[in-house]
Structures are given as C-alpha cells and as structure tokens.
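Presented below is the structure to which this report refers.
The values are calculated or read from the model by the stated rules, or taken from the named source; none is laboratory data. Keep in mind that what you see is a predicted model, and the values were worked out from it rather than measured. So basically every Cβ, Gly included, is an ideal-geometry build from the backbone, and we count neighbours across all protein chains shown.
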Amino acid sequence: SSWSQKDSHVGKRAAQGQREAMTKGTQAFGKRHNKSHTICRRCGRHSYHIQKSRCASCGYPSASMRKYNWGYKALRRRTTGTGRCRHLKIVQRRFKNGFREGGQPQPKVKATPAQ
C-alpha cells in the first residue's frame, strides 16, 4: 500500500481511499454528560424535563395525569390497583358492610362447650 508516515494522522484506511466511520456507538456515549431529565416529584420516574418544566411520563405540573389510549401497556402499569390503595382498601371494606356508621356492633355469640 501507499501508506506513509506523513499520512499517519488520517489513519491507514483513509489513506487507502476508505472513509473513517462516523460512529454513533461507543465513542459517542463518552460525550454524554448533560442531564435533560431528572426525577419527577409526582410519578417518581426519571422523566421530568428540566428546561421544559414538564414530566414526559405523567405530565406534571398538569392537574390531570398524562395518558393516551395508544399506550395501553403504560396505562396498565399505573392504573388503580398497582399501588397501595390506602384509601380504597378502607372504602371497599365499608361498602361491603353498607357504609354503616355510629351503631353498636352485634354481640358475639359465645360457643357453648359441647357436653
């Protein structure tokens, strides 16, 4: 090949007429050190865009949660029942008993010992 010492700055392939690859892989990842997203205070995901001041996942600070019907798997991940349901657990129990309030509990019948 016609590669010489003076062409060493461009590399052997470039001297032979082949182009150096403009890579999107390993080398490009070393340049990433700016954060565009941070933790969202409503959904807890790393989706809150700092400059836009908006969460890409839940839409915070919008009053309503961001949801689209084309993202049905995303709806499934964060629908009712995927969390602790602290309030709903209590409401479901009260519904089962007819939302009774203020009365006396029924007296428990003691089991008489068999003779």
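Couple of notes before you dig in:
- Complete set of residues in the stretch 58-115 that are of a type in the set (Val, Ile, Thr) and either within 19 Å of the chain's Cα centre (by Cα) or surrounded by 10 or more Cβ atoms within 10 Å (Cβ to Cβ) (or both): THR79, THR80, THR82, ILE90, VAL91
- Qualifying positions in the stretch 44-60 - part of a loop (DSSP other than H, G, I, E, B) and under 21 Å from LEU75 (Cβ atoms): GLY44, ARG45, HIS46, SER47, ALA56, SER57, CYS58, GLY59, TYR60
- The residue that is nearest to TYR48 (Cα to Cα), among those in the stretch 80-100 that are touching a Lys or Arg at 6+ places or on another chain (Cβ under 9 Å) and in a loop (DSSP other than H, G, I, E, B), is THR82.
- Residue in the stretch 21-31 that is assigned to a loop (DSSP other than H, G, I, E, B), of a type in the set (D, E, K, R) and either modelled with pLDDT of 65 or more or surrounded by 10 or more Cβ atoms within 10 Å (Cβ to Cβ) (or both) present: yes
- Among the residues making up the stretch 46-56, those that are of a type outside the set (Phe, Trp, Tyr) and crowded, with 16+ Cβ neighbours inside 10 Å are SER47, ARG54, CYS55, ALA56.
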